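The numbers here are math on the coordinates, done by the rules we state, and not lab data. Given the structure is predicted, the values throughout are model-derived calculations rather than measurements. Heads up, the Cβs are rebuilt from the backbone with ideal geometry, glycines too, and the neighbour counts pull from every protein chain shown.
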Amino acid sequence: MVTARRLVLDLLKPHEPDVVTFADAVAGLDGVDGVNVVLVETDKEVQTVKMTVEGDPIRVDTVYETLEDLGAAVHSIDEAVCGERVVEQSDTPQD
Amino acid sequence: MRSHLRRLLRALEHEDVQSISRRYFISNGFDGALTSVGVTVGAYLTGIADGLTVFSIGIGAAIGLGTSGVWSVWEIERAEKRAELARVEDAMLTDLDGTRIQRQQTGARQVNALMSGIGPIIGVILPMIPFLAEGSLLSMRAATMLSVGVAVAILFVFGVYLATISEQRWFVAGARMGLAGLLVAVLNLLLPG
């Protein structure tokens, strides 16, 4: 079972269920402390949203299963934070 | 059974499910009430002697319209909701079978079909009740008139209900709906057969 402290996911979802339902469903999972869902783009039938999940520990498989049950597709994992503490990304010269 | 009921109640919380169910309920209830007016006036004019026979005919009409309401909406909504799901699946390039969205559609379809069936049953059975009192409390003529009155009252209530959700004047909307019942009764009296 893979666990994480923070996940940032790029999701494609139908208009229904709405983002509140998505946020509430994931926030209700064991280990999840909080969820943020931001609408990135709305098309005719679908929406692209960015979901940030924080917790200790987040069961990644359970999050995926919940999102799939709600009808969402995970396009990409934009950020994953695992381990004993939350580590923020470091600035590099390229930034 | 309880989880099934819970699913139906959950489906009914959605505004679009309420809206579609309301349309089917009122539309088929309207059909039922007008059918009952036709049946009762027609039965009176053709000289059916006892109220129980008219009531039995009415029950037959209620079963027919109720079944029609459930069956047709079940099939209509199956097609509509499958098409809707297919559009979303095409846009998402994924299969949504077994997801919550598909389960919600099934629940919505069941609620729509149920409400579509209840409408005509109420619309037909309530106006038939006066015929149960024929012979003891009412004459055939009085039972027929009371039955038409009940049907018009049902139509009036439908109109008032529609007015409450659309900010119309309730008495105007009610009268407009009720008028249809009176019109059917008058047409039955005037037209041959």
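Odds and ends about this structure:
- The long axis of helix A:60-69 is offset from the longest Cα principal axis of chain A by roughly 10 degrees.
- Electrostatic bookkeeping for residue A:1 treats Lys and Arg as +1 and Asp and Glu as -1; over the other residues with beta carbon under 9 Å from its beta carbon, the sum is 0.
- In order along the stretch B:103-111, the Karplus-derived 3J(HN,Hα) couplings, from 6.51 cos²θ - 1.76 cosθ + 1.60 at θ = phi - 60°, round to 5, 5, 4, 5, x, 5, 5, 5, 5 Hz, and Gly and Pro are given as x.
- Cβ neighbours within 10 Å from other chains - mean over B:83-92: 4
- Peptide A:21-32 has a mean of 0 when you count, residue by residue, the C-beta atoms of other protein chains within 10 Å of its C-beta.
- Here the Karplus curve 6.51 cos²θ - 1.76 cosθ + 1.60, taken at θ = phi - 60°, turns the phi angles of the stretch B:147-158 into couplings of 4, 4, x, 5, 4, 5, 5, 4, 4, 4, 4, 4 Hz, with x standing for Gly and Pro.
- Charged neighbours of residue B:89, selected by a Cβ distance under 11 Å, balance to -3 (K, R count +1; D, E count -1).
- Burial order of peptide ranges A:53-60, A:29-36 (average beta-carbon count within 10 Å, highest first): A:53-60, A:29-36
- Vicinal HN-Hα couplings computed from phi for the stretch B:94-99 (Karplus, 6.51 cos²θ - 1.76 cosθ + 1.60; Hz; Gly/Pro x): 8, 8, 9, 4, x, 8
- Ranked packing of A:38-46, B:95-103, B:66-74, most packed first, by mean Cβ within 10 Å: B:66-74, B:95-103, A:38-46
- Burial ranking of peptide ranges B:34-45, B:113-124 (average Cβ count within 10 Å, highest at the top): B:113-124, B:34-45
- Three-way shape call for chain A based on the alpha-carbon gyration tensor, with the a/c threshold at 1.5: oblate
- Average beta carbon contacts from partner chains per residue of A:35-45, 10 Å cutoff: 1
- For residue B:107, neighbours were defined as the other residues whose beta-carbon sits under 9 Å from its Cβ, and their charges (Lys and Arg +1, Asp and Glu -1) total +4.
- Cα-based Kirkwood hydrodynamic radius, the protein assembly as shown, one decimal, Å: 22.8
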